[in-house]
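Chemist: One structure, pasted below without further comment.
The values are calculated or read from the model by the stated rules, or taken from the named source; none is laboratory data. Every value quoted in this text rests on a predicted model; they were computed, and no experiment measured them. Virtual Cβ from ideal backbone geometry, glycine too; neighbours counted across all protein chains shown.
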Amino acid sequence: MVDHFIQYIRSKNLFDVNKRYLLAISGGVDSVCLGHLLHAAGIQFSLVHYNFGLRNEESDGDEDFIKDMARFWNVSLFIEHANPKDFDKPGKSTQMVARDLRYQWFEKLMKEGFYAGVIVAHHFEDQLETVLLNLLRGTGIEGVYGMAEKRDFLIRPLLSFSRSEIEKFMVDNKFHWRIDSSNAKSIYKRNFLRNEILPQLQSGFPDALQTLGDSFHRMKDTGKAFFHLFNLWKVENIIEEGAFQYLKTLAVTNLPGKHSMIYYWLRDYGFGYSDVVEILNSIPKDESGKSFYAGKYMVNIDREMIILGEYDLKEQERHLDDTAIAMQLQSGSYDILHLNTPTEMDKNTENAMLDFDKLDYPLTIRSWELGDKFMPLGMKNEKKVSDLLIDLKVPLIQKKSVSVLCSKGEIAWVIGYRISDAFKCDSSTKKVLYFKKRKS
């Protein structure tokens with residue numbers, strides 16, 4: 001097993017022989033086996049043990065045993081003891097609290113002692129249990145990924161080794177280890193799976209664990225292919241402008257696997273799979289204007305577009321002087337150009353051409369407010385900004401983020417929509433202030 005282990009860690013490039021590592025050790029067969037293998041492979045390591053005291057004398061016995069192992073391997077040892085108050089975390093199980101405390105301490109030690117990583121003894125069956133638990137919790141494609149050999153500061157060099165291989169190595173070499181009596185109790189989900197479900201499965205299907213492992217490996221490979229295609233699709237179809245993202249409904253209608261595609265787009269913003277089902281169901285029903293919320297984010301169905309963004313975005317008030325060359329807003333970025341009288345006006349309403357000499361600097365950028373009025377280009381009477389946005393059918397998700405450009409308190413431009421007739425360029429214009437929106 002030693003030769004197999006050395007070959008494995010080299011093939012995966014898990015360790016640098018010139019660096020030091022921390023080995024998380026409980027005293028159980030897996031972590032003690034890993035210590036012997038690391039020692040035989042010439043990996044430099046120190047031991048870390050978190051004594052939670054949950055099994056009283058048994059926990060103290062584990063600690064004494066680990067002290068003996070540190071002496072046997074001639075390595076340094078770090079021990080931490082839990083405070084009973086540490087477990088008083090409403091809504092969290094004892095196991096979850098213990099795990100969080102352990103890993104927080106490991107990371108702290110690693111950084112303080114300049115260690116290259118923390119080694120943990122998860123093996124093949126641990127990996128299968130993790131994947132099965134993920135699937136039972138309803139995770140998506142990534143549920144079959146399980147634990148990585150190396151991720152962040154954690155290193156798992158035993159993932160390809162089975163529990164039977166580990167125990168055989170220990171017995172053959174007459175190595176000792178500690179028995180954790182709590183592992184025999186099936187009150188925890190992982191223990192229930194390990195002690196009750198998997199043995200039953202193996203009794204009917206002797207090769208079940210290996211077959212499951214092979215299947216999960218193939219599914220993981222399929223998942224990688226999916227995410228590659230998803231990222232290509234996202235680049236081609238998701239348009240980002242400022243704080244908003246846009247997706248044409250046409251790009252979704254006949255999209256294979258559309259529920260998964262949209263889920264992996266929206267999940268980082270708090271939307272679940274059930275939200276995605278509702279969102280997609282609303283498209284063929286032509287439910288334009290329908291909105292879906294997750295935390296501070298909102299998805300708005302707007303005619304031919306799915307729009308994602310924060311639903312309560314407001315522009316922070318700020319000022320522009322006459323030397324400004326750019327403007328960054330929630331809705332996007334603008335270049336600011338100073339031109340002589342143009343031969344042709346830009347008719348794109350996203351952009352603005354204003355008479356420089358009619359403006360008083362500094363200009364003010366702020367969010368529009370209820371009651372705001374201005375005289376839109378070509379009109380002789382004032383109009384409420386709110387009415388303009390309704391007339392233009394501006395999506396709900398974008399309305400709150402709309403900004404106005406003001407000169408001495410007077411609205412010169414409802415940014416991205418209409419300029420004021422009072423600040424338009426005319427035959428007497430000598431200099432033009434040109435706001436041109438950058439393309440995504």
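Chemist: I'd like to check something: does region 45-63 contain any residue that is surrounded by fewer than 20 Cβ atoms within 10 Å (Cβ to Cβ), modelled with pLDDT of 95 or more and within 16 Å of ALA121 (Cα to Cα)?
Modeler: Yes, there is a match, as at least one residue in region 45-63 is surrounded by fewer than 20 Cβ atoms within 10 Å (Cβ to Cβ), modelled with pLDDT of 95 or more and within 16 Å of ALA121 (Cα to Cα).
Chemist: Something else: Can you find even one residue in region 187-206 that is among the aliphatic types (A, V, I, L, M), outside the structural domain of VAL276 (by the TED database) and touching a Ser or Thr at 6+ places or on another chain (Cβ under 8 Å)?
Modeler: Checked against the condition, which is being among the aliphatic types (A, V, I, L, M), outside the structural domain of VAL276 (by the TED database) and touching a Ser or Thr at 6+ places or on another chain (Cβ under 8 Å), region 187-206 yields no hits at all.
Chemist: Among the residues of region 292-314, write down those that are surrounded by 18 or more Cβ atoms within 10 Å (Cβ to Cβ) and assigned to a loop (DSSP other than H, G, I, E, B).
Modeler: Matches in region 292-314: TYR311, LEU313.
Chemist: From MET375, MET327, MET345, MET379, grab the single residue that is touching a Cys at 6+ places or on another chain (Cβ under 8 Å) and not polar (S, T, N, Q).
Modeler: After ruling out the rest, the residue left standing is MET345.
Chemist: Considering only residues that are polar (S, T, N, Q), over 22 Å from LYS408 (Cβ atoms) and not in a strand (DSSP E or B), which ones fall in region 320-345?
Modeler: GLN330, SER331, THR341, THR343
Chemist: Still on this structure, I have one more. Find all pairs meeting these conditions: Cβ atoms under 7 angstrom apart; at least six residues apart or on different chains; first residue within region 123-140 and under 17 Å from GLU165 (Cβ atoms); second residue outside any helix (DSSP H, G or I) and hydrophobic (A, V, I, L, M, F, W, C).
Modeler: What qualifies is HIS123/LEU158; HIS123/LEU159; HIS123/PHE161; PHE124/LEU159; PHE124/PHE161; GLN127/MET147; GLN127/LEU159.
Chemist: For region 227-245, enumerate the residues that are at pLDDT 95 or above and either touching an Asp or Glu at 6+ places or on another chain (Cβ under 7 Å) or within 16 Å of TYR297 (Cα to Cα) (or both).
Modeler: Of everything in region 227-245, just one residue is at pLDDT 95 or above and either touching an Asp or Glu at 6+ places or on another chain (Cβ under 7 Å) or within 16 Å of TYR297 (Cα to Cα) (or both), namely GLN245.
Chemist: Going by the structure shown, is LEU388 under 24 Å from LYS290 (Cα atoms), assigned to a loop (DSSP other than H, G, I, E, B) and not acidic (Asp, Glu)?
Modeler: Taking the combined requirement at face value, the residue does not satisfy it.
Chemist: Among ARG71, ARG55, which is the only one that is of a type outside the set (Ser, Thr, Tyr) and not in a helix (DSSP H, G or I)?
Modeler: Step by step, each of ARG71, ARG55 is checked, and only ARG55 is of a type outside the set (Ser, Thr, Tyr) and not in a helix (DSSP H, G or I).
Chemist: Follow-up question, since we're still on this one. If ASN281 passes every condition in (1) part of a loop (DSSP other than H, G, I, E, B); (2) free of Cβ contacts under 8 Å to residues at least 60 places away in the same chain; (3) among the polar types (S, T, N, Q) but one, which one does it miss?
Modeler: Going through (1) part of a loop (DSSP other than H, G, I, E, B); (2) free of Cβ contacts under 8 Å to residues at least 60 places away in the same chain; (3) among the polar types (S, T, N, Q) one by one, ASN281 breaks only (1).
Chemist: Counting just the residues of region 377-407 that are basic (Lys, Arg) and modelled with pLDDT under 95, which one comes out surrounded by the fewest Cβ atoms within 10 Å (Cβ to Cβ)?
Modeler: So the residue we want is LYS380.
Chemist: Taking region 135-158 only, how many residues are crowded, with 16+ Cβ neighbours inside 10 Å, part of a loop (DSSP other than H, G, I, E, B) and either at positive phi or touching a Gly at 6+ places or on another chain (Cβ under 8 Å) (or both)?
Modeler: Of the residues in that region, 2 qualify.
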